[in-house]
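Structure, as structure tokens:
The values are calculated or read from the model by the stated rules, or taken from the named source; none is laboratory data. If you're wondering where the values come from, they're calculated on a predicted model, not measured in any experiment. A quick note on method: Cβ atoms are made from the backbone with ideal geometry, for glycine too, and the neighbour counts reach across all protein chains shown. For accessibility, only protein heavy atoms count, side chains too; no ligands or nucleic acids. Shrake-Rupley method; radii C 1.70, N 1.55, O 1.52, S 1.80 Å.
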Amino acid sequence: MRSWVFRIVIIIGLTACAAPVFVIQESRANPHPQSGQISGQVRYAENGQPAFNVLVRCDSMISGSCGQETTDRSGRFRFAGLPLSQYTITVRVPGYIEQRQDVELLTAPTANLQFHLRSDGSAKPEATSSFVVDSNVPASAKKEFDQAAALVASGKKESLAESVRHLEKAVTIYPQFVQAQLMLGTAYMDLTQWQKAEQTLKRTVELDPRAANAYFALGELYLRQKKDEDAEKTFLQGLQIEDRSFQGHLSLARVYWSMASKIKDETQARPYLEKAYEQVNKSLALNADLAQAHLFKGNLYLRVRRAADAQHEFEEYLRIEPKGAFAEQARVTIDKIKKALESQPKP
């Protein structure tokens with residue numbers, strides 16, 4: 001019974017950790033009236049473009065940090081399931097003036113914010129992994145990009161092919177459009193057009209060698225194709241640029257898990273599992289509330305037969321995402337782990 005429980009949990013965890021690292025999914029609003037949500041959008045003031053992969057932090061004026069999110073490809077973010085209280089939302093981007101807004105959810109349970117980033121005059125392309133706003137983007141290319149971003153943000157699968165058509169027009173008009181190249185590469189990947197995705201993402205890093213997200217996207221492409229060595233190399237390149245990417249470290253952990261899973265001899269697999277453990281710990285050190293990382297770490301503990309520690313990690317996942325995609329499976333699995341542990345002979 002015990003080994004059967006281990007197999008079930010590992011399947012659940014690996015499925016949950018398979019989501020692309022460069023796409024930030026918006027969480028669902030908490031339906032209960034005792035909780036609220038703060039959502040919004042971040043744009044660059046210079047040309048109005050959405051700010052992709054920008055760190056947004058939420059702090060409660062009473063209890064401190066309530067987490068951080070990264071903007072999606074349309075510059076949007078969301079904090080859901082918040083206690084009705086007072087909060088400060090902070091947006092930080094290297095080379096831009098820090099933006100803060102205070103939010104009060106006591107009289108209204110929802111708030112929608114708009115941030116416009118203005119340069120502080122110190123931004124240098126070689127000093128940051130964030131995309132530098134390109135003022136040379138023609139208006140026609142920007143229009144195509146914005147239409148594509150809106151389609152992607154809708155979350156509808158049928159909109160993906162249409163977004164590709166807009167992005168292809170954008171990069172035809174302006175081939176140096178880095179953000180459009182990246183979005184196009186990830187869209188090709190989501191459509192399983194592997195060759196086009198690889199060519200486009202490689203083009204992106206050629207245009208901007210400091211674009212860490214492009215490396216992370218390319219690494220994800222290789223990981224999906226089971227090209228573990230290429231994935232490892234590419235994720236490491238991205239982390240050399242942006243070592244504080246918690247998603248980047250988690251993705252590299254997944255690469256090492258994949259490498260270990262291909263080795264039948266447990267002794268030979270152990271070094272890769274240790275590397276995976278090191279990377280997921282780095283991810284959690286940067287973002288302790290990253291649900292996928294707790295799910296992944298639980299699987300690692302199960303792999304080395306540390307069931308009690310695994311249980312704790314799955315419980316952490318449920319604490320962070322009680323209504324997450326794998327919440328019900330996690331609850332069932334925790335119960336099975338508990339029963340398996342209780343059935344063991346007492347020392």
Out of all the residues in the range 296-316, which are in contact (Cβ under 8 Å) with a residue 60 or more places away in the chain and within 18 Å of the chain's Cα centre (by Cα)?
Phe296
Pull up the range 62-81, narrow it to residues that are open to solvent by less than 10 Å² (accessible area, probe 1.4 Å) and out of contact with any Asp or Glu (no Cβ under 9 Å at 6 or more places or on another chain), then point me to the one that is farthest from Ala180 (Cα to Cα).
Thr71
Give me the helices (runs of 4 or more DSSP H) completely within the range 131-216, filtered to those with at least 1 residues that are at pLDDT 90 or above and over 23 Å from the mean Cα position of the chain (by Cα), ordered by residue number.
139-153, 159-173, 194-207
Can you tell me how many residues within the range 175-214 are open to solvent by 70 Å² or more (accessible area, probe 1.4 Å) and hydrophobic (A, V, I, L, M, F, W, C)?
1
Of all residues making up the range 266-284, the number that are at pLDDT 90 or above and surrounded by fewer than 18 Cβ atoms within 10 Å (Cβ to Cβ):
7
Out of everything in the range 215-238 that is without any contact (Cβ under 8 Å) to a residue 12 or more places away in the chain and acidic (Asp, Glu), what residue ends up being least open to solvent (accessible area, probe 1.4 Å)?
Asp230
In the list Ala211, Ala170, which residue meets the criterion of being of a type in the set (Gly, Ala, Ser) and under 26 Å from Val280 (Cβ atoms)?
Ala211
Ile62 being farther than 26 Å from Ala148 by Cα and assigned to a strand (DSSP E or B):
no
